[in-house]
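In what follows, a single structure is set out as structure tokens and then discussed.
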Amino acid sequence: MLLSLGGCEEIVGERPRLGVLASGAGSNLGAIAGAIAAGELDATLSAVVCNVEGAGAIGRAREAGVEPALIRHGGFERRADFDAAVADALRASGVEWVVMAGWMRLVGREFLEAFDGRVLNIHPSLLPSFKGLRAIEQALDAGVAITGCTVHEVAENMDSGPIVAQAAVAVRPGDDASALRARIQRAEHALYPRAIAAAVAADRAKTTHQG
Ligand code: GRF
């Protein structure tokens with residue numbers, strides 16, 4: 001696995017307060033919580049929001065000692081109202097950095113502005129290739145020899161925004177989506193905690209230089 005982090009990873013100052021948004025199994029949430037517990041990521045997991053009842057992420061949050069907020073998107077007529085409810089839950093826990101980990105909803109400009117753009121996402125391809133759903137199947141259909149995963153800052157358009165870090169994963173002969181997904185997810189679990197550290201460090205360096 002090849003990691004490209006593009007910046008320094010040292011974090012100085014207070015621990016950033018993370019709020020993880022998850023809709024699915026929550027394996028990336030578990031990896032982030034594990035990295036914090038192991039002292040590999042100097043951050044605090046302050047909140048978890050899940051929008052899907054019964055999602056594995058709910059149990060992962062509890063294992064990490066955080067009671068997740070369950071906010072069902074179906075209960076809101078407008079996306080902006082759902083976004084606002086999620087933002088309120090995160091703010092109530094003092095979240096500074098929003099970490100999307102399998103969050104299957106798009107967020108609007110107001111949400112991004114509420115966190116000064118400190119919103120990260122992970123996508124299972126080497127962006128800008130294979131945006132959107134079924135990224136792993138798209139890579140297999142295209143016949144690429146190398147794919148991977150990307151952590152990026154979230155912008156309004158889906159799977160766009162400045163790239164923070166990428167990890168490459170080779171496609172092996174005979175790979176099906178499930179075999180490739182398993183290897184990409186292993187790469188994600190190694191990459192995401194390091195990318196969070198890199199994004200926080202880069203943001204602090206920028207703020208220091210501006211101040
Ligand atoms: C990950 O593969 C991520 O790239 C994509 O959704 C998946 C979430 O998996 N955005 P998990 O819920 O973290 O296990």
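When SER27, SER125 are compared by accessible area at a 1.4 angstrom probe, the order from most to least is SER27, SER125. The HN-Hα couplings worked out from phi for segment 21-30 by the Karplus form 6.51 cos²θ - 1.76 cosθ + 1.60 (θ = phi - 60°) are 9, 9, 10, x, 5, x, 5, 5, 4, x Hz, whole numbers, x standing for Gly and Pro.
Per residue, the average separation of C-alpha pairs within less than 8 Å and at least 6 apart gives segment 15-210 a relative contact order of 19 percent. Between VAL144 and ARG17, the contour length at 0.36 nm per residue exceeds the Cα-Cα span by 42.0 nm.
Where in segment 177-196 does the amide nitrogen come within less than 16 Å of the point 7 Å from the Cα of GLU40, taken along Cα to Cβ? Those under the cut-off are 183-196. Per-residue extension of 0.36 nm, minus the Cα-Cα distance of ARG72 and GLU113, leaves a gain of 12.5 nm for this segment. For VAL164, nonlocal amide neighbours, meaning residues 5 or more places apart or on other chains whose placed amide H falls under 5 Å from its own, are VAL151, HIS152, GLU153.
Within the listed set ASP83, ASP175, ASP42, the residue fluctuating most in the Gaussian network model of the chain (springs between alpha-carbon atoms under 10 angstrom) is ASP175. For segment 159-174, putting each phi into the Karplus relation 6.51 cos²θ - 1.76 cosθ + 1.60 with θ = phi - 60° gives couplings of 6, 10, x, x, 7, 8, 6, 9, 10, 8, 10, 6, 7, 9, x, x Hz, in residue order, rounded to whole numbers and with x for Gly and Pro. Accessible surface comparison of ARG78, ARG204, ARG183, probe 1.4 Å, protein chains only, largest first: the order is ARG78, ARG204, ARG183. Which percent of the accessible area of segment 15-210 is formed by carbon and sulfur heavy atoms (probe 1.4 angstrom)? Reported share for carbon and sulfur atoms: 49 percent. With all protein chains kept in place, the per residue accessible area of the chain amounts to 49 square angstrom at a probe of 1.4 angstrom. Phi-derived couplings, Karplus 6.51 cos²θ - 1.76 cosθ + 1.60 at θ = phi - 60°, listed residue by residue for segment 41-46: 10, 8, 7, 10, 7, 8 Hz, with x used for Gly and Pro. Given q = 0.09, 0.11, 0.18 Å⁻¹, what are the Debye log10 I(q)/I(0) values for the chain, with equal point scatterers placed on the Cα positions and solvent ignored? Treating every Cα as an identical point scatterer, log10 I(q)/I(0) equals -0.33, -0.50, -1.34. Measuring only protein heavy atoms, the 1.4 Å probe finds GLU67 accessible over about 120 Å².
Summing Lys, Arg as +1 and Asp, Glu as -1, what charge do residues with Cβ under 13 Å from the Cβ of ARG109 carry, ARG109 excluded? Spelling it out: positives minus negatives among the neighbours equals -4. Each residue was assigned an accessible area with a 1.4 Å probe, and for LYS206 the value is about 110 Å².
The values are calculated or read from the model by the stated rules, or taken from the named source; none is laboratory data. Remember, predicted model here, so these are calculated numbers, not experimental data. Cβ atoms come from the backbone with ideal geometry, glycine included; neighbour counts cover every protein chain shown. Ligands, DNA and RNA are stripped out before the accessible areas are found, and what is left, the full protein with its side chains, is counted by its heavy atoms. Shrake-Rupley method; radii C 1.70, N 1.55, O 1.52, S 1.80 Å.
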